[in-house]
Amino acid sequence: MNRLIVLSALGVAETMLNTAYPYKVTVQTFLAKKFLDHDKAMRLIQASGLDWTTIHPGLLLNGNQTANPVVKNAGASKKVTGWAYTNRADVAATMLRVIRDATTFGQQLLVLSNAKK
């Protein structure tokens with residue numbers, strides 16, 4: 001198996017289409033230079049030939065794992081409004097869940113603890 005799971009961020013590459021004010025403004029201004037490296041990495045991952053999945057959380061928090069975090073393919077999802085945030089425990093649980101899930105290969109997954117499904 002040539003499996004790769006990468007932690008990225010909401011607003012990287014195509015997931016910028018999923019962002020809305022005020023999160024989008026923050027990414028385009030204060031985080032713009034940092035996200036350039038994420039964007040470069042995304043292009044390399046997509047061209048790698050590996051069975052990749054990227055994980056795109058909102059602002060990371062140290063809260064407990066939530067019962068039902070939102071996990072969606074960014075390409076098939078709408079804008080995330082407001083301040084999107086994700087508990088690190090939800091990121092870890094999602095990464096473990098998708099590691100052998102072939103339906104997530106080649107997907108950029110949004111992982112959010114506070115969004116509506």
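The values are calculated or read from the model by the stated rules, or taken from the named source; none is laboratory data. Nothing here was measured: the structure is a model prediction, and the numbers come from that model. As a convention, Cβ positions derive from the backbone with ideal geometry for all residues, glycine included, and neighbour counts pool all protein chains shown. What goes into the accessible areas is simple: the full protein's heavy atoms, side chains included, and nothing from ligands, DNA or RNA. Shrake-Rupley method; radii C 1.70, N 1.55, O 1.52, S 1.80 Å.
Residues in region 96-117 that are open to solvent by 50 Å² or more (accessible area, probe 1.4 Å) and closer than 29 Å to GLY49 by Cα: how many?
Residues of region 96-117 that are open to solvent by 50 Å² or more (accessible area, probe 1.4 Å), as a first pass: 96-97, 99-100, 102-103, 105, 114, 116-117.
Then keep just the ones that are closer than 29 Å to GLY49 by Cα; that gives 96-97, 99-100, 102-103, 105.
Residues in region 96-117 being open to solvent by 50 Å² or more (accessible area, probe 1.4 Å) and closer than 29 Å to GLY49 by Cα: 7 in total.
Please enumerate the residues belonging to region 58-75 that are within 19 Å of GLY11 (Cα to Cα) and over 12 Å from the mean Cα position of the chain (by Cα).
Applying the first criterion (within 19 Å of GLY11 (Cα to Cα)) to region 58-75 yields 58-61, 69-75.
Passing the criteria: LEU61, PRO69.
Would you point out which residue out of THR103, THR94, THR15 is without any contact (Cβ under 8 Å) to a residue 60 or more places away in the chain and within 15 Å of the chain's Cα centre (by Cα)?
Working: THR103 fails: within 15 Å of the chain's Cα centre (by Cα); THR15 fails: without any contact (Cβ under 8 Å) to a residue 60 or more places away in the chain.
Sole residue among the options that is without any contact (Cβ under 8 Å) to a residue 60 or more places away in the chain and within 15 Å of the chain's Cα centre (by Cα): THR94.
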Near pairs, Cβ below 7 angstrom, 6+ apart or cross-chain, from region 76-88 (under 15 Å from ALA9 (Cα atoms)) to any residue that is of a type in the set (Ser, Thr, Tyr) and part of a loop (DSSP other than H, G, I, E, B): TYR85/SER113; THR86/SER113; ASN87/THR66; ASN87/SER113
